[in-house]
1. Determine, yes or no, whether L258 is surrounded by 21 or more Cβ atoms within 10 Å (Cβ to Cβ), in contact with a helix residue (DSSP H, G or I) (Cβ under 8 Å, 6 or more places away or on another chain) and not charged (D, E, K, R).
2. Which of (1) at pLDDT below 90; (2) under 21 Å from the mean Cα position of the chain (by Cα); (3) among the acidic types (D, E) does D65 not meet, given it meets every other one?
3. Within region 243-261, count every residue that is assigned to a helix (DSSP H, G or I) and within 19 Å of R339 (Cα to Cα).
4. Mind listing whichever residues of region 277-300 are within 25 Å of A182 (Cβ to Cβ) and either surrounded by fewer than 21 Cβ atoms within 10 Å (Cβ to Cβ) or at pLDDT below 95 (or both)?
5. Looking for whichever is at pLDDT below 85 and over 26 Å from the mean Cα position of the chain (by Cα) here; the options are P143, P136, P132. Which one fits?
6. Got a number for residues in region 122-137 being among the charged types (D, E, K, R) and exposed (fewer than 12 other Cβ atoms within 10 Å of the Cβ)?
7. Does at least one position in region 27-37 carry a residue that is touching a Leu at 6+ places or on another chain (Cβ under 6 Å) and either in a helix (DSSP H, G or I) or of a type in the set (D, E) (or both)?
8. Residues of region 149-184 being modelled with pLDDT of 80 or more and closer than 22 Å to W124 by Cα, which ones?
Amino acid sequence: MDASPRTIVKISGPADILGVVPHRVGFHPAESIVVVCLHGQRRRDGLLMRLDLGPPEHDDVVARDLATKAAHVKATGVVLVCYTESGSDAEALPRRHLIDGLRQRLASHDIDVVEALLVHRGRWWSYICDEPSCCPPDGTRLPVGLTPAAAHYAAEMVADGAVVLSDRDELASSIAPPRDRAGEAVRAGALLRAEQEVLAVLETDGMDALRTRTVDLLRSLVARWADGSRELSPDDAARVNVGLGVKDARDEAATLLLDADREVLLALLAALARQADLSQAAPVCTVLAWVAYANGQGALANVAVERALDADPGYEMARLIEDAMARMIEPSAIRAVTRDVRRDLRSAEEDPAGEGSPGSSGPRRRRR
């Protein structure tokens, strides 16, 4: 299989697969089932699904759901990896019932299972191969280092600014403010100053000026980060985070994924999220989720949406992203919507009264 839609690396065996999966997920999976969807004769990989392992009595439901989603994205093949520390080495391979049920469900959709692996207590096994020469019954010790193919893929990801975290909790923590009183005091002071500046801009120049000011600052930060100067002052972070409370500023910020290096943009948005306390978290985390989803980084999109909805359970755009992920909307569709949003924003700038240009169907509709 090919390792990524962006980075082409030939993956030829279990050790390659196990080296690449944590980079695709963004953290080292634990007590998880991972499904990598493959497409076409060259088996290019696409959607990656990861679920926490539930109680065995739910395996049939999980198998049906995962197979249905793989069919929805038109997968022609899959790679399955089960990560668990449960079960004893003396028994049959742990969670075989889940894997067998999933294989049956996938077969009913004409989806080929290329490989199905178990990672358990420092070793790996294949659920579908029992040839001792390649898959010994006592398993194979996990490699200490990466295979050449996995190392090449990892190097490409690191060059783009990606890291592999230890688990999902660490991923969620990577976009949350650190818990220290000194940092909280600094962020509170920066927030107060930013709110005062915003009020002054609104009183003198209006909402459009605030939107322009916010997006211009964000663009300048993206350019600075792309040049390697990855500094973010509390005041600049607060200015952006407060300004993104304006819907059009938030929407235009999301369209930056069409121009900016997405990994740079994601890194900056994550840094902004780390400096956003509860009152400002929903907009910036929603933009982060949007860009992550468009970039195929589902795990990051999930934790960003969760933080946005923790801050504001009724935040509509976050709910829309949550629904899109549940319905397995392709990242390419998110990018297409982003282009439409930018076109709407540009049309609104040319027609500020919102009455529509000649031949248009009517006034511009506000997005929420």
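1. So L258 fails the test.
2. (1)
3. Residues in region 243-261 being assigned to a helix (DSSP H, G or I) and within 19 Å of R339 (Cα to Cα): 12 in total.
4. Residues satisfying the conditions are D277, L278, S279, Q280.
5. On inspection, the qualifying residue turns out to be P143.
6. Selection size over region 122-137: 2.
7. yes
8. D167, R168
The values are calculated or read from the model by the stated rules, or taken from the named source; none is laboratory data. Values in this document were obtained by computation on a predicted structure and should not be read as measured data. Cβ atoms come from the backbone with ideal geometry, glycine included; neighbour counts cover every protein chain shown.
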